[in-house]
Amino acid sequence: MLTNREIADTFHAIADALEIQGEDRYRFLSYRRVGDMIAELPEALSAYAARGELEDLPGVGKVMAAKIDELLRTGQLDFYERLQAELPAGVLELLKVPDIGPRTAGRLYRELSITSLESLREAAEQGRLRGLKGFGAKTEQKILQGLAQLATADTRMLLSQALELAERLLADLKAAAPAVWQATYAGSLRRGRSTIGDIDLLAASEDGAAVIAALTSLPSVARVDSAGDLKATVILHSGPSADLLVVPPARWGSALQHFTGSQAHNIAFRELAKAQGFTFSENGFRASDGSLVECADEIAVYAQLGLPYIPPELREDQGEFAAARAGTLPTLVELADMRADLHMHSTWSDGHAAIAAMAQAAITRGYSHMAITDHGAYLGVTGGLTPERALQQAEEVARVNAELAASGSNFRVLHGVEVDITPEGRLALPDELLAQLDIVIASPHVSLRQEREKATARLIRAIEHPYVDIVGHPTGRLINRRAGSDLDLEPIFQAAAASGTALEINAGPDRLDLDAPLARRALELGVTLAIDSDAHAPDELAWMRLGLITARRAWVTPERVLNCWSLERLREWLARPKGAR
DNA sequence: GCCGTTTTCGGCCCGACTGTTTTCAGTCG
């Protein structure tokens with residue numbers, strides 16, 4: 001059975017092929033929109049198909065539904081096969097090169113028989129491109145540069161890397177350009193996606209040219225790709241590119257809304273504006289008489305169409321407009337709601353700090369409690385806790401709590417463990433020990449390549465274990481390095497909801513697992529969530545921010561998150577038999 | 001190819017920057 005990802009890729013390929021062939025704009029756009037929609041879908045397409053709901057999906061009509069159905073049933077698509085026969089797959093690859101779009105790709109294929117990145121490079125090096133009408137030496141150079149860039153920038157940045165880079169760039173820009181009144185990052189970074197392609201920056205200033213000049217002369221900038229009076233694109237020494245847009249302060253709101261996206265959200269928003277007699281752009285709302293309504297903040301942008309403010313993390317055209325109209329937008333969890341971090345390690349296993357030091361760091365972050373959850377001994381985990389050492393650790397936790405109480409602090413440390421889930425779904429520590437601990441996280445660390453059926457049964461068995469409170473990083477994915485386990489998530493979420501087991505949004509920068517679409521579906525099915533740093537050092541408690549952003553993208557409210565509960569409420573929940581939670 | 005608070009046909013988001021074509025198409029976000 002094809003995954004949503006594979007089917008989305010097929011639709012994107014169809015859209016690209018149709019566009020290169022010069023098909024009607026709105027025909028290929030409809031394929032692209034459906035591809036985008038499928039990529040963000042919370043449930044497997046087969047589930048919608050089984051319920052006969054394909055045509056209820058936005059942008060899917062009879063034709064699209066039949067194509068999805070054919071892909072699900074046969075694993076291939078006749079229509080797509082025929083397209084591929086007309087247009088070699090290598091031609092679609094050309095679209096990955098910056099500055100090569102569908103028109104250019106089509107001409108390169110038809111006029112120079114270029115069918116791969118390799119043959120494109122040869123043709124450019126031999127100076128054959130400039131023979132084409134409209135192509136000069138400069139264009140040829142740009143294409144060669146684009147090909148080189150493609151070879152280096154093959155993976156997207158982690159959210160954590162992009163945040164750090166953007167914040168440094170903003171600081172540098174503000175220092176170099178006094179004319180900047182306000183500046184922030186926008187794009188997929190502001191929406192909190194788990195990986196980021198390039199950095200989008202927005203600055204408010206009355207002197208756009210000065211701000212653009214300041215950006216292009218920053219030491220961190222390797223190359224200027226384009227630069228006008230209002231926007232510029234630069235390539236950074238560290239590899240990624242950054243786009244800067246400069247607008248007058250009076251247009252800050254409309255520009256920020258425009259530049260934050262997503263594209264799908266913007267299209268839907270602009271269609272709404274149109275229905276109310278406006279055209280909307282980064283400059284504001286233009287009425288039919290030509291007058292312009294400027295918006296200094298985003299609240300005014302949404303208010304113009306009678307909508308409440310929609311937080312950036314929700315702007316994916318995944319139901320946020322309907323919720324906004326109905327007044328049912330969620331009150332998203334915030335950093336200030338977080339009272340605890342319930343998954344972290346100390347020198348008792350593979351962490352780098354003592355329990356007391358981790359507690360101090362947690363106190364500094366404003367938490368009221370935390371759980372220390374060192375690894376249980378199993379297979380390769382070095383220094384994992386044996387039952388004996390776990391009991392010794394309990395004494396240290398008690399000492400730390402006694403010292404905290406003696407110093408007048410109300411902060412408390414819960415004693416837990418992160419126990420391994422064996423390939424069969426058993427736990428790697430004895431029940432007698434687990435029963436004595438305050439909190440138990442069970443996580444998969446080994447045998448992550450099991451068959452779907454086995455992997456699913458394994459996780460459900462752990463979820464249903466009477467002493468498991470949280471399942472940590474449920475899929476085991478590592479961003480850019482390892483896909484998660486092949487899991488049937490619906491029954492897993494149902495089991496978690498029914499058994500009163502929380503599922504984790506692990507905030508580790510390369511985990512973010514569950515990711516946002518999965519966490520959103522888990523929430524819909526009634527699962528309680530935990531958002532935890534999995535810190536191995538005091539500084540890493542700051543990773544909570546990444547988990548929080550991911551949770552917000554999943555429409556998570558504080559009520560549904562263990563970490564947002566008071567210590568009393570959490571203790572009460574932990575003390576209850578699992579079936580009664 | 002889809003779709004409906006100007007509905008079942010006629011629309012479909014918007015604008016800046018670049019190169020090269022002296023008036024704009026192509027690309028991008």
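Could you count how many residues in segment A:447-485 are hydrophobic (A, V, I, L, M, F, W, C) and in contact with a Pro (Cβ under 7 Å, 6 or more places away or on another chain)?
Residues of segment A:447-485 that are hydrophobic (A, V, I, L, M, F, W, C), as a first pass: A:448, A:455, A:457, A:459-460, A:462-463, A:468, A:470-471, A:478-479, A:483.
So of that shortlist, the ones also in contact with a Pro (Cβ under 7 Å, 6 or more places away or on another chain) come out as A:459-460.
The qualifying residues number 2.
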Original post:
Does any residue of segment A:126-135 turn out to be touching a residue at least 60 places away in the same chain (Cβ under 8 Å) and within 12 Å of DNA strand B (Cβ to nearest atom)?
Top reply: no
Subject >> Positions within segment A:342-387 being of a type in the set (Ser, Thr, Tyr) and either within 28 Å of the chain's Cα centre (by Cα) or assigned to a helix (DSSP H, G or I) (or both), in sequence order >> reply: A:364, A:367, A:373
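Within segment A:528-548, which residues are β-branched (Val, Ile, Thr) and crowded, with 24+ Cβ neighbours inside 10 Å?
Of segment A:528-548, the ones β-branched (Val, Ile, Thr) are A:528, A:531.
Scanning segment A:528-548 gives a single hit, A:531.
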**OP:** Please verify whether segment A:542-558 includes one or more residues that are at pLDDT 95 or above and touching a His at 6+ places or on another chain (Cβ under 9 Å).
**Re:** no
**OP:** State all residues of segment A:551-581 that are over 11 Å from residue A:334 (Cα atoms), part of a helix (DSSP H, G or I) and not charged (D, E, K, R); if no residue qualifies, say none.
**Re:** A:562, A:563, A:567, A:570, A:573, A:574, A:575, A:579, A:580
Original post:
Taking segment A:34-83 only, how many residues are within 26 Å of residue A:491 (Cβ to Cβ) and more than 12 Å from DNA strand B (Cβ to nearest atom)?
Top reply: 21
Original post:
Do any residues in segment A:30-58 that are assigned to a helix (DSSP H, G or I) have Cβ atoms under 8 Å from those of residues that are of a type in the set (Ser, Thr, Tyr), where the two are at least six apart or on different chains, and which pairs are they?
Top reply: A:35/A:10; A:54/A:48; A:56/A:48
Subject >> Residue list for segment A:287-300, restricted to those being within 16 Å of DNA strand B (Cβ to nearest atom), surrounded by 13 or more Cβ atoms within 10 Å (Cβ to Cβ) and in a loop (DSSP other than H, G, I, E, B) >> reply: A:294, A:295
Subject >> Matching residues, segment A:326-341, being in a loop (DSSP other than H, G, I, E, B), under 21 Å from the mean Cα position of the chain (by Cα) and in contact (Cβ under 8 Å) with a residue 40 or more places away in the chain >> reply: A:330, A:331, A:332, A:333, A:334, A:338
Original post:
Of A:233, A:260, which residue is closer than 23 Å to residue A:161 by Cβ, of a type in the set (S, T, N, Q) and near DNA strand B (Cβ under 9 Å from one of its atoms)?
Top reply: A:233
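Test residue A:222 against the criterion of being more than 8 Å from DNA strand B (Cβ to nearest atom), of a type in the set (Gly, Ala, Ser), over 22 Å from residue A:161 (Cα atoms) and surrounded by fewer than 19 Cβ atoms within 10 Å (Cβ to Cβ), and give yes or no.
Details: more than 8 Å from DNA strand B (Cβ to nearest atom): yes; of a type in the set (Gly, Ala, Ser): yes; over 22 Å from residue A:161 (Cα atoms): no; surrounded by fewer than 19 Cβ atoms within 10 Å (Cβ to Cβ): yes.
No; evaluated as a whole, the condition is false for this residue.
Which residues, taken from segment A:240-257, are within 9 Å of DNA strand B (Cβ to nearest atom) and modelled with pLDDT under 95?
First, the residues of segment A:240-257 that are within 9 Å of DNA strand B (Cβ to nearest atom): A:241, A:243, A:245-246.
Selection gives A:241 alone.
If the requirement is being away from DNA strand B (no atom under 13 Å from the Cβ) and either assigned by TED's automatic domain parsing to the domain that holds residue A:548 or under 26 Å from the mean Cα position of the chain (by Cα) (or both), which of these qualifies: A:303, A:323? It would help to see each step written out before you state the result.
Numbers: A:303 fails: either assigned by TED's automatic domain parsing to the domain that holds residue A:548 or under 26 Å from the mean Cα position of the chain (by Cα) (or both).
From the options A:303, A:323, the qualifying one is A:323.
The values are calculated or read from the model by the stated rules, or taken from the named source; none is laboratory data. Model, not experiment: these values are computed from the prediction. Counting neighbours? That spans all protein chains shown, and the Cβs are built from the backbone with ideal geometry, glycine included.
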